[in-house]
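Read the figures in this text as sums done on the coordinates, not as results from a lab. The structure displayed is predicted, hence computed values, not measured ones. Note: ideal-geometry Cβ built from the backbone for every residue, glycine included; neighbour counts use all protein chains shown.
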Amino acid sequence: MSSRFDTYNAKTTSISYPWPSDVTGIERIALSAQGDLQRVLSAFFSRPIVIALVYSHTLRQSSPKAALEPLSLPNPQAIASASPSTPITQTRQVHLQCGGKIACTATSIVRITSPHAAHLFLEEKYAIGQMFRRLEKVPAFELLAVGVGPVEHDDKTKAVWTSEASRTSTPENKGQLWRKYKLVIPDFECEILEVFPSREMFADGEAWLDGGKIRGSTAKQELWMKDSRDINLTIRFSRAQQGFILIIIMASLLVIGFEGILAYSGRPINCRRMSV
C-alpha cells in the first residue's frame, strides 16, 4: 500500500519525500511525526513536553447552507449536534514547551463532525495528538510542505495562516524549520502548520534547553580536542613503555656480556670467595 509520503508491504517500509538538502536525520524524524510529535520530542529531550494554548477560535455551521458563526463554549447543545452537515471548526495555536522553552509552535485548523469527538476535544480538552490515542485511531497522514527559514504560503492557505506568518516569517528567522501537514480520522481532521524556532535544538539537545553555549560546530571542536588529548596521552604512554623495554634490553645485554668475559677468563660465573 502507498501514500504520497511512505510505502510499505509485508516486509518493507520506505519513506520518500523531497526534503530540503541540508535537513538532518533527526530533523527528518521530527518532520515525519504523524500525530505523535509530542512523544517524539519527549524521547529526544528525555523530558516531558507540555501543551500550552495560545489562542483558539471556534466556529459552528448550524445547517449545510449556513455560514460559519462563532461558537461560545461551553455549549452542550452545539456539541451534541456536531455532524458532517453541521460541523464545528476550530482554529487554534499551541506551544509545545520543554523545560520552559518553546520547542514548537503549532497552528491548526480542526474540523469535528461527531458529538463524541467534539466532547473530547472541546470539553475534556484533549490535545490533537492525544485525541488519536484516546480514540485509538491511526490518522491518515499527508505531508504538504517542508521548509527552512520563513514559512511559505500558497494561495489556498495564505489567508488562514496570515497571523502566524506575521510572527514567524521574518528575515531574522532563517534558522527555523517548519512543515505543513494533514491528519484525518473519521469525524476529526486537522491541517497543521508547525514551526520549530531554532534548528540548534536538534543539534544540541539538552544543552539548548539549558541555555548552554555549546553549538554543533563547537561541540565537534571540543570532541576533536578531547580525541587529540587522548591520542597524545596514548603516544606518551607508548614512548614510556618503549623506554622501559629498552632499559631492560640494555641491562640484559650487559649481564650477558659480563658473563661472557668471566667464561673466557676461566673464572666461574657464580663467583664466591673460597676459604683455603
Write down the radius of gyration of region 27-106 and its Dmax, each obtained from C-alpha positions, in Å.
16.9, 49
Kindly provide the trypsin sites (Lys or Arg not before Pro) of region 1-50 that DSSP labels as loop, not H, G, I, E or B, and whose Cβ sees at most 12 other Cβ atoms within 10 Å.
R4, K11
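Stretch E152-E69 to full length: gain in nm at 0.36 nm per residue minus the Cα-Cα span? Write down the numbers at each step before the final one.
On the way: separation 83, 0.36 × 83 = 29.88 nm, distance 2.87 nm.
Separation in residues times 0.36 nm, less the Cα-Cα distance, equals 27.0 nm.
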Nitroxide proxy distance, nm - points 7 Å out along Cα→Cβ at Q77 and I51
2.8 nm
For region 74-115, just run the numbers: alpha carbon Rg, then divide by 2.2 N^0.38 Å, N being how many residues it has.
1.59
Taking H placed 1.01 Å from N in the peptide plane, check which residues at least 5 places from G99 or on another chain put their amide H under 5 Å from its amide H.
none
Taking every eigenvalue of the Cα gyration tensor of region 6-212, multiplying by 5 and rooting it, what semi-axes result, largest first, whole Å?
30, 19, 18
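Taking neighbour counts of Cβ atoms within 10 Å as a proxy for exposure, in what order, fewest first, do Y181, Y126, Y55, Y17 appear?
On the way: Y181 22, Y126 18, Y55 10, Y17 13.
Going from least to most buried by this count: Y55, Y17, Y126, Y181.
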V184-K137 pseudo-label distance in nm [points 7 Å out on the Cα-to-Cβ vector]:
1.2 nm
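For a Förster distance of 51 Å, can you work out the FRET efficiency between the beta-carbons of R39 and V255, rounded to the nearest 0.05? Write down the numbers at each step before the final one.
Numbers: r = 72 Å, r/R0 = 1.41.
That pair, R39 with V255, gives E of 0.10.
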Which entries in the list K137/K182; K11/K137; K137/K180; K101/K180; K65/K137 go over 25 Å, if you measure between the two C-alpha atoms of each?
K65/K137
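Suppose the chain between S21 and E124 were pulled fully straight at 0.36 nm per residue; how much longer would it get relative to their current alpha carbon spacing? Working shown, then result.
On the way: separation 103, 0.36 × 103 = 37.08 nm, distance 4.15 nm.
Contour length minus Cα-Cα distance gives 32.9 nm.
For F5 and E206, compute 0.36 nm times the residue count separating them, minus their Cα-Cα distance, and round to one decimal in nm.
Values: separation 201, 0.36 × 201 = 72.36 nm, distance 3.00 nm.
Residue separation times 0.36 nm, minus the Cα-Cα distance, leaves 69.4 nm.
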Sorted by chain and number, the residues with a modelled amide H under 5 Å from that of S83, at a separation of 5 or more or across chains, are I88
